[in-house]
1. For residue 64, enumerate residues with amide H under 5 Å from its amide H, sequence gap 5+ or separate chain, H modeled in the peptide plane.
2. Across 10 Å bins from the origin, how do the percents of Cα pairs in the range 56-99 run, short distances first?
3. Can you work out the base-10 log of I(q)/I(0) for the range 15-103 at q = 0.12, 0.14, 0.16, 0.25 1/Å, using the Debye formula on its C-alpha atoms alone?
4. All other residues with a Cβ under 13 Å from the Cβ of residue 82 taken together, and with Lys, Arg as +1 and Asp, Glu as -1, what is their net charge?
5. Around residue 101, under 11 Å between beta carbons, what's the net of Lys plus Arg minus Asp minus Glu among the other residues?
6. Tell me which residues come under 5 Å, amide H to amide H, from residue 73 once H is placed; ignore anything under 5 positions away on its chain.
Amino acid sequence: MADRPVALLKPLLGHAMGLGYIADVVEKQEKTDPAPSPVSRRVVLLVEPSLQQVAQTWSDPVTGAYRFDGLSMSARFTVVAYDHLRNWRAVIADGLAAKAVQP
């Protein structure tokens, strides 16, 4: 995943200073096709409970993958994936904890 989009972290926020990461894949699923397909979307990382934006990136257009690195392990986060074409509604995942980077 060397060519994955780089998340733009706001380094002055304490939540963006840690050893954790959040990663996933953005996919869409058509009603006529049961298999989900990866898509490129703007992905925003918010810290809970204030919902202050910590970072943003674009998911990979081929794999749909995104990743946020350098996150606090003690914070909880919300991730929002927006369809910049406005054909689909946003997808939200909340209550996420950063995972520890394996050495």
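1. 39
2. Once binned at 10 Å, the Cα pair distances of the range 56-99 give 23, 52, 23, 3.
3. One equal scatterer on each Cα of the range 15-103 leads to -0.37, -0.50, -0.63, -1.23.
4. On the way: positive: 28, 41, 42, 86, 89; negative: 83.
Within the 13 Å Cβ shell, the charges total +4.
5. Values: positive: 67, 99; negative: 69.
Charge balance in the 11 Å sphere: +1.
6. 19, 20
Since every read-out is calculated from the coordinates, none of them should be taken as a lab result. Remember, it's a predicted structure, so these values are computed and weren't measured experimentally. Quick reminder, even Gly has a Cβ in these numbers, built from the backbone with ideal geometry, and neighbours come from all protein chains shown.
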